[in-house]
Amino acid sequence: MTRISHMTLEVCVESFEDALIAAENGADRIEYCSALAVGGLTPTPGALARMRDIPVPCFAMIRPRPGDFVYSAGELETMTREIALARDAGAQGVVFGACKADGSLDGEALKLLCDAAGGLAKTLHRAFDITPDAFAALETAVELGFDRILTSGQQPTAEEGCTLIADLIARAGGRIIILPGSGVTAANASTLRAKTGASQLHASCKKIAGAGAGEEGRVATDAKAVRALRRAMDH
């Protein structure tokens, strides 16, 4: 397998401060979210407004609520408005997904969102991982104009799903980027690189920060974890 000289590291964060930490410690790109504890939601307007001060490209999560990815017409309208806010704030890309009740991709809803995104880069998030036919979903994503698919290979972690990830990369044939994510750390980055041939990795590099009165700690970016992952990806 051809050696990749530089793997792109995307780190998902839930605050402006964490985005700076990730960028300063080796992230090439930020997936900008709120509420990572529930899988990531659309950043707040205040967080979006600070995006231009982040020194690496930022892709904004577009997800209006936790839970499933079956969206009503009203929710899709909210998502198109969130895409517009992200564009105006300086996002270079957006991250979203939508499914039908049976788990298959909702092509109609996704086309609406892709049209709203226009020239922004578009990532299909891990809604892909609940689809009943990964290869059919891959073709749908290509047809809709997505630039990349974030996936754990339909397993709990990308390391467990590396066989399917490798197959998806082969089937994609360069038409779309397959971005392995979930459980990606310095300890398994070289394994994922060798077994899948991926050119990019997605990680949270998270820790639990201090809790407030009566509250659990928040998800925060661990600078040491980002640096360690960056080193592992570069060797």
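Things to note:
- Around the Cα centre of segment 103-235, unit charges on the Cβ atoms of Lys, Arg, Asp and Glu (plus for the first two, minus for the last two) sum to a dipole of about 700 debye.
- Whole-Å distance, taken between Cα centres, linking segment 1-69 and segment 161-183: 20 Å
- Neighbours of Glu143, meaning other residues whose beta-carbon lies under 15 angstrom from its beta-carbon, give a summed charge of -1 when Lys and Arg score +1 and Asp and Glu score -1.
- Applying the Karplus relation 6.51 cos²θ - 1.76 cosθ + 1.60 with θ = phi - 60° to segment 50-55 yields 3J(HN,Hα) values of 9, 4, 5, 8, 8, x Hz, where x marks Gly and Pro.
- Note on Lys224 and Ala49: the extension gain reaches 60.3 nm, defined as 0.36 nm multiplied by sequence separation minus the Cα-Cα distance.
- Candidate lysines - alpha carbon under 17 Å from Lys100, same-chain residues fewer than 8 apart omitted: Lys111
- The packing ranking, built from the mean of other Cβ atoms within 10 Å per residue, places the peptides 6-13, 54-61 in the order 6-13, 54-61, highest first.
- Antiparallel DSSP beta bridges within segment 4-63, percent to nearest 5: 10 percent
- The Cα atoms of segment 171-213 cover 51, 21, 11 Å along the three principal axes, with the biggest extent listed first.
- With R₀ fixed at 22 Å, the C-beta to C-beta distance from Ala170 to Val70 puts the FRET efficiency at about 0.15.
- Largest accessible area first, the listed residues Lys100, Lys224 line up as Lys224, Lys100 when surface is computed with a 1.4 Å probe on the assembled protein chains.
- For the chain, share of DSSP beta bridges that run antiparallel, in % to the nearest 5: 15 percent
- A straight Cα-to-Cα reach below 26 Å connects Lys195 with the lysines Lys122, Lys206, Lys224, residues fewer than 8 places away in its own chain not being considered.
- Sorted peptide list for 20-33, 125-138, criterion being average Cβ within 10 angstrom, highest first: 20-33, 125-138
- Electrostatic bookkeeping for Asp133 treats Lys and Arg as +1 and Asp and Glu as -1; over the other residues with beta carbon under 11 Å from its beta carbon, the sum is -2.
- Model label sites at Ile130 and Glu143, defined 7 Å from Cα along the beta-carbon direction, differ in position by 2.2 nm.
- Cβ-defined net charge surrounding Ser15, 15 Å radius [Lys, Arg +1; Asp, Glu -1]: -3
The values are calculated or read from the model by the stated rules, or taken from the named source; none is laboratory data. Bear in mind that the values here come from a model prediction, so they are computed numbers and not experimental data. Cβ: placed from backbone, ideal geometry, glycine included. Neighbour counts: every protein chain shown. Remember, those area values only see protein heavy atoms, side chains included, never the ligands or the DNA or RNA. Shrake-Rupley method; radii C 1.70, N 1.55, O 1.52, S 1.80 Å.
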